[in-house]
Amino acid sequence: MSQPLAPGATIGIVGGGQLGRMLAMAAARLGYHAAILEPDPDCPAAQVAKVHIDAAYDSAKAVEKLARISDVVTYEFENVPVTVARSLSDLVPLYPPADALDAAQDRLSEKIFLNAAGIPTAPFLSVDGDEELARGLVEFGGNGVLKTRRLGYDGKGQRVFRGAGPEDTRGVVAAMGGVPLILEGLVPFAREISIIAARGADGALAAYDPAENVHRAGILFQSRVPARISDATAEAAREEAFAILSALDYVGVIGVEFFVLGDGSLLVNEIAPRVHNSGHWTEAACVVSQFEQHIRAVAGLPLGDTSRHFDCVMENLIGTDQDRAPALLAERDLMLHLYGKAEARPGRKMGHFTRLFPLGELAG
Ligand code: AMP
């Protein structure tokens, strides 16, 4: 793309969840229209978009329509079928590139890609049967996390082993659905952090400050910024994120999750080729949010300033937590975001809020 998209252009978004909603809102603020492809008639993104194509992601007709009405297409979740991404990119510019989806969709190829790019991860082994699992656990000293290679999110499709012997592995692979699995060494991390970084169409790189993340029941509960890490660890996270972006010839925003070990060194847990839950704080604490940054990148505009003007804590509102909205709105220095989901099912992300503090107040 040689020229930036002009106002009035349409940005197609595959996926209609809250990330698509916030991308559509950021696009609108820059004068663009959003077209959403999502097979849910009342999805969060379609509520704020100009066009909603209510069809399956792999409907050839729908994909062709999305390409026809869009000047550029992006996506808000990493499980967009790679075949769909490739057919879209034959018709219209697609960012981030389909190769990024390919690398991120399978935990095994993700780790192979990362290690080849010189980026350390937990040790890992491919597992297809109980005996292989038992051998792997012996190799990892009885401790490990068994995960489905594909379609896992928010801790779903995972099983943790501590001090396990061969008897603990019987029937496990079948119980996990008989699908291809990966066994990772159990990382004794001190903290979990993530970094939201971006690469522009011109190759420019930018990153926000790393966030320190706390998970509950496998779901992100809280992100606080600044993370309690050294400047050297923060710089290493930034450099690794930039290396990943360059290796993928990426355009757009990426989320990279890390384990921080006791000595401050890093292992990448996973990459998300999209805007990320642990970057929601940027809409309250920075002038340019991760959502606007992504829209800028895919529209061929200059990347925005990632400076942080507050310390902050972002928390997700899960299930009936959204009933706290009126009380939260009575607080000062708090930004609330609800996603317009009709049904507050347990474990469902309904919204989030970010509490702001003066710069330096959460340091140390
Ligand atoms: P994931 O779905 O891979 O992001 O995993 C969800 C959460 O499980 C992570 O945020 C960690 O808290 C934990 N976890 C995942 N993999 C490992 C590992 N190899 N070692 C220790 N904890 C892990």
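At a glance:
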| quantity | calculated |
| --- | --- |
| The stretch 197-226 versus the stretch 261-282: alpha-carbon centroid distance in Å | 5 |
| For the stretch 52-117, convex hull volume per residue from C-alpha positions, Å³ | 85 |
| Computed magnitude of the charge dipole of the stretch 180-219 (debye, nearest 20; Cβ of K, R +1, Cβ of D, E -1) | 80 |
| Lys, Arg +1 and Asp, Glu -1 on Cβ, resulting dipole of the chain about Cα centre, debye, nearest 20 | 640 |
| Relative packing of 306-313, 320-327, which averages over residues the other C-beta atoms within 10 Å, highest first | 306-313, 320-327 |
| Selection of trypsin sites (Lys or Arg not before Pro), the stretch 102-159, meeting DSSP coil and at most 13 other Cβ within 10 Å | Lys156 |
| Within straight-line cross-link reach of Lys61, aspartates and glutamates at Cα separation under 18 Å, skipping those fewer than 8 residues along the same chain | Glu38, Asp40, Asp71, Asp90 |
| Acute angle (nearest 10 degrees) that the helix 130-139 long axis makes with the longest principal axis of the chain, alpha-carbon atoms | 80 |
| In degrees, nearest ten, helix 82-91 long axis to first principal axis of the chain (Cα) | 30 |
| Long-range Cα-Cα pairs in the chain (distance over 27 Å), rounded percent | 48 |
| Mean Cβ count within 10 Å, highest first, over the residues of peptides 82-95, 252-265 | 252-265, 82-95 |
| Gyration tensor verdict on the stretch 299-364 (Cα atoms; rounded if a/c is under 1.5, prolate if a/b is larger than b/c, oblate otherwise) | oblate |
| Ala243-Ala342 pseudo-label distance in nm [points 7 Å out on the Cα-to-Cβ vector] | 4.8 |
| Candidate lysines - alpha carbon under 20 Å from Lys111, same-chain residues fewer than 8 apart omitted | Lys147, Lys156 |
| For the stretch 123-184, alpha-carbon Rg relative to the globular expectation (2.2 N^0.38 Å, N residues) | 0.97 |
| Sorted by Cβ density within 10 Å, fewest first, the residues Asp333, Asp130 | Asp333, Asp130 |
| Rg(Cα)/(2.2 N^0.38 Å) for the stretch 10-94, N = residue count | 0.94 |
| For the chain, calculated [θ]222 nm from helices alone, where every DSSP H run of n ≥ 4 adds -39500 (n - 2.57) | -7500 deg cm²/dmol |
| For His52, His352, His215, order by how many other beta-carbon atoms lie within 10 Å, fewest first | His215, His52, His352 |
| Reach of Lys65 by Cα under 25 Å, taken over lysines that are not fewer than 8 positions away in the same chain | Lys50 |
| Reciprocal mean inverse distance between Cα atoms of the stretch 191-357 - Kirkwood radius, Å | 16.3 |
| Degrees separating the helix 107-116 axis from the principal Cα axis of the chain, which is the longest one | 90 |
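Each value in this text was obtained by applying a stated rule to the coordinates, not by laboratory testing. In this text the structure is predicted, and so the values were computed from the model without any measurement. When we count neighbours, we look across all protein chains shown, and the Cβ atoms used for this are built from the backbone with ideal geometry, even at glycine.
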